[in-house]
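Here the structure comes first, spelled out in structure tokens, and everything after it is commentary.
The values are calculated or read from the model by the stated rules, or taken from the named source; none is laboratory data. Since the model is a prediction, treat every value here as computed from it, not as a measurement. Counting neighbours? That spans all protein chains shown, and the Cβs are built from the backbone with ideal geometry, glycine included. Surface accessibility is based on the protein's heavy atoms, side chains included, excluding ligands, DNA and RNA. Shrake-Rupley method; radii C 1.70, N 1.55, O 1.52, S 1.80 Å.
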Amino acid sequence: ITHTGTEPPYGYMDWWPSSIWFNHEDGPFTEADMRWAVSYSIDRQQLMDVGLGGSAIMTALPFPQYPAMQPYFDAAAPLLEKYNTNEYNPEKAAALMEGMGYEKDDEGFWVKDGERVPAVLSGWQVFNDIGPLIAEQLRKGGFEAEYTTPADTGTRMSDGTQKIWINGHGGSIRDPFRTMDMYTSKYWAPIGEPTSYQSRFKNAEYDELLAKMATMDPNPEDQEYMDTYLAALEIWLENLVDAPI
């Protein structure tokens, strides 16, 4: 979800759109199928209608849909048909969970080897409108979730203590590089050590593509730039590095 309003005065920075972020290094969300199961369990239309009173739009990518970004959304349309990040589909979520060996216990929560999926969803107070709703939707989908706003939220995200959380991006408003660069392994750190961008996602091919993008002028009319962007984006989408909300 991107909260609506005037274009922010931050220059190259923008804190929205919001996503569910995952810890890729430690915890239950290291598997792509688990991340997709979480995403399929989220009814984004309900979040907008109930949590935000309609004052938002859905976005399928981790970018705000500003006019300058529209060519990148348009180019991604074929990929988003294959990787529909806005899809609410409890049946697909259940199939993924069962494929990973989970089954529901007597209370309707996913369990494997006697353990439920711990889904304590952390966030800043700015997400208090949608955070509790996301947690309730996840509970409905079989995840033992709750929404919390601990005083040490930032520390928990940075050092890897937190496994799943809601956050913005502080990234792209004119071209995709600023946001996509957040997921390169230069921001990876072992659990317990702080890092600026906290997904701890590592993919060598993705790193190479972003390194190439860093040397290019961002121009949606440059086919080589767009091909590089789309190749990196497909890796991002296949892995569902975070779940756009």
Mind listing just one residue for me: the one in segment 85-114 that is charged (D, E, K, R) and either out of contact with any strand residue (DSSP E or B) (no Cβ under 8 Å at 6 or more places or on another chain) or modelled with pLDDT under 95 (or both) and, of those, farthest from residue 47 (Cα to Cα)? 113
Taking segment 222-245 only, how many residues are without any contact (Cβ under 8 Å) to a residue 12 or more places away in the chain and either under 17 Å from the mean Cα position of the chain (by Cα) or part of a loop (DSSP other than H, G, I, E, B) (or both)? 1
Top-ranked residue of segment 196-220 - restricted to ones that are part of a loop (DSSP other than H, G, I, E, B) and free of Cβ contacts under 8 Å to residues at least 40 places away in the same chain, ranked as nearest to the chain's Cα centre (by Cα): 197
Checking residue 165 against (1) out of contact with any strand residue (DSSP E or B) (no Cβ under 6 Å at 6 or more places or on another chain); (2) farther than 17 Å from residue 59 by Cβ: exactly one of these is not met. Which one? (1)
List the residue pairs whose Cβ atoms are under 6 Å apart, where the first residue sits in segment 113-130 and is within 11 Å of residue 20 (Cβ to Cβ) and among the β-branched types (Val, Ile, Thr), the second is part of a helix (DSSP H, G or I) and open to solvent by 10 Å² or more (accessible area, probe 1.4 Å), and the two are 6 or more positions apart or on different chains. 130/51
Set 202, 186: member being over 23 Å from residue 84 (Cβ atoms), out of contact with any Ser or Thr (no Cβ under 8 Å at 6 or more places or on another chain) and not small (Gly, Ala, Ser): 186
When you go through (1) under 25 Å from residue 62 (Cβ atoms); (2) open to solvent by less than 30 Å² (accessible area, probe 1.4 Å) one by one for residue 142, which number turns out not to apply? (1)
Failed condition for residue 63, given (1) modelled with pLDDT under 95; (2) more than 19 Å from residue 239 (Cα to Cα); (3) surrounded by 13 or more Cβ atoms within 10 Å (Cβ to Cβ); (4) not small (Gly, Ala, Ser), with all others met? (2)
